[in-house]
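The values are calculated or read from the model by the stated rules, or taken from the named source; none is laboratory data. The structure displayed is predicted, hence computed values, not measured ones. Note that each Cβ is placed from the backbone with ideal geometry, even for glycine, and that neighbours are counted across all protein chains shown. In case anyone asks, the SASA skips ligands and DNA or RNA and just uses the protein heavy atoms, side chains included. Shrake-Rupley method; radii C 1.70, N 1.55, O 1.52, S 1.80 Å.
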Amino acid sequence: MTWPPPAAPPGQRLDVVGVGEAMLLLQAPPPTPLETAHNLTVAVAGAELNVCAAVARLGLRAAFLSAVGDDAPGRRVLRAVRDLDVADDLIHVDPVRPTGLFLRETPDSGER
């Protein structure tokens, strides 16, 4: 991929471009705290990617502009973007920097 990326993937018209960071989400089952959890769920999280996914579900074209590491979490993010029918042509795979990890717990109060 060239940097900076083109305004739209070749041959495509975009309705929305989300700019942000998607991360690998590791979450303890509520209300288990991380310090005592025996297992975690794995997902992809990112507010801007969520907006792109909603746009795609409405039948419009969305692309996600971001960067991920050349690592397993980055490949998981890329797969999630594709699975959401969001264009991934604007995602830079960085050979040096890692993909972000997001740890989440939901205590008894329900507040994250």
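Placing unit charges on each Cβ (+1 for Lys and Arg, -1 for Asp and Glu) gives segment 11-112 a dipole about its Cα centre, and among ALA63, THR32, VAL77 the Cα reaching farthest toward its positive end belongs to ALA63. Placing R0 at 22 angstrom, the Cβ-Cβ distance between ALA54 and ARG13 gives a FRET efficiency of 0.75 after rounding to 0.05.
Run the helix sum for the chain: -39,500 (n - 2.57) per DSSP H stretch of 4+ residues, divided by residue count, reported at 222 nm to the nearest 500 deg cm²/dmol.
Mean residue ellipticity at 222 nm (helix-derived): -6500 deg cm²/dmol.
Neighbours of ARG61, meaning other residues whose beta-carbon lies under 15 angstrom from its beta-carbon, give a summed charge of -1 when Lys and Arg score +1 and Asp and Glu score -1.
Legend: Rg and Dmax of segment 8-112, from Cα coordinates, 15.3, 50 Å.
Helix 47-57 and the longest principal axis of the Cα set of the chain meet at an angle near 60°. For the chain, find the longest principal axis of its Cα atoms and tell me its angle to the long axis of helix 72-83, 0 to 90°, nearest 10. Its long axis makes an angle of about 60 degrees. For the chain, the fraction of 1.4 Å probe accessible surface lying on carbon and sulfur atoms is 55 percent.
Each DSSP beta bridge with both residues in the chain is either parallel or antiparallel, and the antiparallel ones are about 30%.
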